Structures are given as structure tokens and as C-alpha cells.
Amino acid sequence: MGGVLASLALAMVLVPGRASANGFELPGASTRALGRGDAFVARSDEPTTLLYDPANLADLGGVQLNLNVNNLITHSCATLTGAYPDGTPYPKVCNSGTFAPVPQIAVSWRVTDKVGLGIGIFAPVSPGFSQKFGSSEKGDIPPGLIDVDVNGMTERRAAPTRYQLIEEDLIVLHPTIGIGVALNDRVRVGFAFSSTIVLNKFTTAVAAFGGTDPRNDIVSKINVHDWFVPGITMSIHAVPIDSLDVVAAFIWRDKIRGKGDISLWPLAYRNVGSGMSGMNMNEGFQKFSGARLTAGYPWRLSFGLRYASRIVPRIKDRAAAEKASGKVEDQMKNERWDIEGDIVYSGTSEVDAFVVRPPAGMVSVDGIPIPLPEELTIPHQWRNELSVRVGGDWNVLPGRFTMRAGFSFENGAAPKSLTNLDFQPFRRYGIHAGGTLRIKRTDLSLAYAFFRNENVDLTKTRAALPQIVGVPNTAGAVVNAGRYRSWYNVIGGSINVHLR
């Protein structure tokens, strides 16, 4: 049962932060940002500036509506070291999660020459949205079964990765409101408030008495929610000369305090293996409510520096200029090209351990009552993470068509010894490209990014992720030795309408 609540902790920590690479999500919260390597802190020229630099709300023209969808395709495989009880080596297990679209909407309004407002609902791009490592796609009961070659014959067996993750479906929303104020022609400041809403279903396996014999496993499925995790963003945007933007931004988020229901199926794989089919999942079913989780959340500090080759000087009275020209007056029209470099430092060392307090109760396994622990401390030992993003736009036809490209790098937050499939904050590289076509007052943007995690090969001597055991005070086997390979494809599309 301890493992079930450990899974609750892990699932909640999968909730990503806003527009950041703080160990929980992929760079590129909007399509334009995705296409230029997420080097967007100092460029953000659409309502998604709420996520990067709320100070720039004071510079956006008129009223803008942004509709954005990023689509995530995940490829993640693990070949664990070890074998089933009959000596059959563990096979490679790959994520079979579905195509995961991530929609967003935001509106900005420049109220006066010096004040801009913004509001939006955002959803981060995270590998945790939809993952399945051995699942019930073929109608298996219990879930978590895969095809295994046993002496030339195919059998359905429990996936060796089941102690890390079987299935996950994660929904995260960030309602956000912000304000930007121009102190003068050269300096703007901004503030945004957001809340995180989390809905998560998470399935994993727990060893009832220890060991890796699947016939002694408990399958656990949790439904958790946290309706309110407040966060703030502060930024300052300086324009020392017309061609240069300098931005500093800071994001803080409160601790995660989750509540959830936990469903358990003891000995779910008792009849699986050696060609036998699964059991009735209603047999021995138990459900518990009232589990609580407390977990730290990383802060984030961003610095952005952008240089632009300008066609005309910066426009001070944008409304008057647009009225005179009859066109949108912005970076796409008034610059030839730009290049930006961002450095993001995330306080991911806040994710050192998760503290879980389960409800009072007992789970029965083969007639043996196992009490739920009063508290579980689950170590993660994450270190602070550094990210670098470089990218830019080239206005091929100023005011009509733009191409962009970029590169991103994250040095990784989690020690390799604690590698886990439910989220993999390894060292990561990203290659990005995109473009925007303007039709009158509507911008149509597309972007693509390929992210490659570093390869991780863990020997038994280096691996250190312990299996959680149902019996209290019982040490579990190390369950993460093996080979890990993963990469992600993200395709983004957006419509940005300049309403007035």
C-alpha cells in the first residue's frame, strides 16, 4: 500500500510548472515559442506573454485573441535488467500512449498607453499527459500486460516496468490573469497570478511482500485532484536602445497539497503467466479515500536578451501608427530579423522528497491484513536545473511571412540512479523550427520541435530506485536497472487575431 501512495506522490509531482523547463515539462508553451527554441522571454509578442513576461502586456497592441494547440507524440522505451521467475529475460517495453493535444486560449487588452491586461487558460506540454507501459489495450484484466516471447511462443505477462508505471492520464490547467505597466518609454514591469488545477489517473504495481514475482503484486489505480495551487510571476522588461530587449522574470508556486481515492486489486497477476489469462479485477477490490500529499514545487528565474535588426525605430504610439497605416504595427512588420538568448535557472532542489499521509485502514492480501503506514517520505534528491535557449525570427516578407528556428538544452534535474519512467528529467536537447503567415489581422503559425533525452544505462550497482513493498518496514528490490531511450515530437499550431 505504501507503493500506491508513493505513486500518488509521483503522479502529483508530474504536474508541470508554467512555461518552464523546471524538470516537469518540455520547452515551448506556445507555437511561436516552440518554433524558436522557447527563446521567447524577451520577444513574447502575443497574449502568451502572460506565461513569460507579463510586463510586456503593456506593449502589446489593441486587443488580441490567441488560440493555440500543441500536440505531443512520445517515444519512451525501457529494457530492464532481470528475468521472470521461470528465467525468461525481461523484454523491451515501450510507451503506447496516444497522441496528446494540448489546447490553450489567451486574450490581451492594452487598456491605455501605459497599461495592458491579460487573461488565459494554459496547459503545459508534458510527457505525463498520456503514458502506457503495458496496458489493457487488448482487453486485459488486469492492466499492465505485454506480449513476451517464451521459447518461440507468445504469452501475455506482467510488464517488468509495472513497479514504475503502467498507465497515466493527466490533465493540468493554469487559469492566469496578469497586468503590465509601462513606467516610461524604456522600462515596463508586470505581475501575473495563476492557479493550477490537476486531474490525474495513475496505475502502477506494488509488491505485496517484496520480490518481483508478479503473482504477489497489488495493482493500484488512483484518481487524484488538487483544485488550487497558487502561483505568481513577476517580470521587468527594459529597452536600453531600440534594437535591444533585456528581461528578467521570476516564477514562484506554492506547495502541492493533493487529495485522492485509491483503488486496489490484491494479487492481480496471480493467474497471469505460463499462458494463463488474467483474473476478475473485482475480486478483492478495495477503495480508500482521504490520502494527502505535500510536495515542494520549483521556483524559476529567467533572463532574456534579444537583439533585433529594425526597419524603423520603435513606435511609441502604436494605436495612432496602426490607424495611419491600416496594418498591424509589431515586430513582424517593423524588424528584419531578431536573435534571442535565454538562461533559465530552476530551483528543482525543492523536489527533494514527497511526504504522503495515508488514511487509516488495512488492506488484505491472501487473508493477511497489512496496515497502511502513518506517513511515507519518498526521496528524489533532485538538483537545481539550468536551461539555455537560443532562437530567432526572420521576417522574409515583413508584415506577411516569418520563418523561425531555435535550439534548447536542459542539463537535467534528477540523478540517474533514481531514473523513473513516470517522468524522465534527463539531460535533453531540442531542435525547433516554425513560421507565421499573416492574413490581414490574423496570424497563422505552425511549429515543430524534436527533443532527445540522453541515453541512460543503469547497471545493478548504479541503480537505486527501490521497489515499494506493501508490508511495512520491508526493503524492496531495486527496480530501475536497465536501458532507457526516449524522445519527443511536438507539433504546434496557433491562430492569433488582432481584434482591434
* Asked: What residue, of R438, R336, is buried (at least 22 other Cβ atoms within 10 Å of the Cβ), assigned to a strand (DSSP E or B) and not β-branched (V, I, T)?
  -> R438
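Can you confirm whether L65 is crowded, with 19+ Cβ neighbours inside 10 Å and hydrophobic (A, V, I, L, M, F, W, C)?
Considered against the rule, which asks whether it is crowded, with 19+ Cβ neighbours inside 10 Å and hydrophobic (A, V, I, L, M, F, W, C), L65 comes out as no.
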* Structure fact -> Note on A291: of the conditions (1) assigned to a loop (DSSP other than H, G, I, E, B); (2) modelled with pLDDT under 80; (3) crowded, with 20+ Cβ neighbours inside 10 Å; (4) touching a strand residue (DSSP E or B) at 6+ places or on another chain (Cβ under 8 Å), unmet is (1)
* Asked: For the range 469-490, how many residues meet the condition of being buried (at least 17 other Cβ atoms within 10 Å of the Cβ), in contact with a Ser or Thr (Cβ under 9 Å, 6 or more places away or on another chain) and either assigned to a strand (DSSP E or B) or among the basic types (K, R) (or both)?
  -> 5
* Asked: What tally of residues in the range 153-188 results from selecting those that are closer than 25 Å to D226 by Cβ, in contact with a helix residue (DSSP H, G or I) (Cβ under 9 Å, 6 or more places away or on another chain) and hydrophobic (A, V, I, L, M, F, W, C)?
  -> 3
* Asked: Taking D140 and the conditions (1) modelled with pLDDT under 80; (2) surrounded by 24 or more Cβ atoms within 10 Å (Cβ to Cβ), which numbered condition does it fall short on, given that it satisfies the others?
  -> (2)
* To do: Looking only at the range 390-407, count how many residues are more than 23 Å from V125 (Cβ to Cβ) and surrounded by 21 or more Cβ atoms within 10 Å (Cβ to Cβ).
  => 1
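Does S494 satisfy the condition of being in contact (Cβ under 8 Å) with a residue 24 or more places away in the chain and touching a helix residue (DSSP H, G or I) at 6+ places or on another chain (Cβ under 9 Å)?
Values: in contact (Cβ under 8 Å) with a residue 24 or more places away in the chain: yes; touching a helix residue (DSSP H, G or I) at 6+ places or on another chain (Cβ under 9 Å): yes.
It is true that S494 is in contact (Cβ under 8 Å) with a residue 24 or more places away in the chain and touching a helix residue (DSSP H, G or I) at 6+ places or on another chain (Cβ under 9 Å).
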* State whether the residues of the range 447-463 include one that is at pLDDT below 95, small (G, A, S) and either under 13 Å from L26 (Cα atoms) or surrounded by fewer than 19 Cβ atoms within 10 Å (Cβ to Cβ) (or both). => no
* Qualifying residue in the range 98-110 (condition: modelled with pLDDT of 85 or more and assigned to a loop (DSSP other than H, G, I, E, B)) -> no
* State whether the residues of the range 149-171 include one that is surrounded by fewer than 21 Cβ atoms within 10 Å (Cβ to Cβ), β-branched (V, I, T), over 24 Å from the mean Cα position of the chain (by Cα) and modelled with pLDDT of 95 or more. => no
* To do: Would you point out the residue of the range 295-305, among those that are part of a strand (DSSP E or B) and within 19 Å of the chain's Cα centre (by Cα), that is surrounded by the most Cβ atoms within 10 Å (Cβ to Cβ)?
  => S302
* Residue under evaluation A42, criteria (1) in a strand (DSSP E or B); (2) more than 22 Å from the chain's Cα centre (by Cα), criterion not met -> (1)
* Looking at (1) farther than 22 Å from V219 by Cβ; (2) not in a loop (DSSP other than H, G, I, E, B), find the lone condition where R156 falls short. => (1)
* To do: Would you check if there is a residue in the range 107-118 being surrounded by 23 or more Cβ atoms within 10 Å (Cβ to Cβ) and more than 21 Å from D330 (Cα to Cα)?
  => no
* Residue within the range 391-398 that is over 19 Å from the mean Cα position of the chain (by Cα) and aromatic (F, W, Y) present -> yes
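So that you can scan it fast, the table gives a plain yes or no per residue for (1) of a type in the set (V, I, T); (2) out of contact with any Cys (no Cβ under 6 Å at 6 or more places or on another chain):
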{"position": "D45", "(1), (2)": "no, yes"}
{"position": "T49", "(1), (2)": "yes, yes"}
{"position": "D59", "(1), (2)": "no, yes"}
{"position": "Q64", "(1), (2)": "no, yes"}
{"position": "I73", "(1), (2)": "yes, yes"}
{"position": "T88", "(1), (2)": "yes, yes"}
{"position": "K92", "(1), (2)": "no, no"}
{"position": "S96", "(1), (2)": "no, yes"}
* Structure fact -> For the range 74-97 the number of residues that are out of contact with any Gly (no Cβ under 9 Å at 6 or more places or on another chain), touching a residue at least 40 places away in the same chain (Cβ under 8 Å) and in a strand (DSSP E or B) is 2
* **Contacts under 9 angstrom Cβ, first residue in the range 350-363 being under 23 Å from I251 (Cα atoms) and surrounded by 14 or more Cβ atoms within 10 Å (Cβ to Cβ), partner among the β-branched types (V, I, T) and modelled with pLDDT of 75 or more, 6 or more apart** => F354/I256; F354/T294
* Asked: What are the residue pairs meeting all of these: first residue in the range 214-225, first residue farther than 21 Å from G258 by Cβ, second residue β-branched (V, I, T) and surrounded by 24 or more Cβ atoms within 10 Å (Cβ to Cβ), Cβ atoms under 9 Å, and 6 or more apart or on different chains?
  -> D217/V206
* Asked: Is it the case that some residue within the range 432-450 is at negative phi and under 16 Å from the mean Cα position of the chain (by Cα)?
  -> yes
* Considering only residues that are in a strand (DSSP E or B) and among the charged types (D, E, K, R), look in the range 408-435 and name the one that is surrounded by the fewest Cβ atoms within 10 Å (Cβ to Cβ). => R428
* Asked: Of all residues in the range 451-486, which are within 18 Å of the chain's Cα centre (by Cα), touching a residue at least 40 places away in the same chain (Cβ under 8 Å) and more than 24 Å from G82 (Cα to Cα)?
  -> F451
* Asked: Take the residues of the range 195-249 that are in contact with a Lys or Arg (Cβ under 6 Å, 6 or more places away or on another chain) and either of a type in the set (S, T, N, Q) or in a strand (DSSP E or B) (or both): which is surrounded by the fewest Cβ atoms within 10 Å (Cβ to Cβ)?
  -> S243
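The values are calculated or read from the model by the stated rules, or taken from the named source; none is laboratory data. Nothing here was measured: the structure is a model prediction, and the numbers come from that model. Note that we place each Cβ from the backbone using ideal geometry, even for glycine, and neighbour counts take in every protein chain shown.
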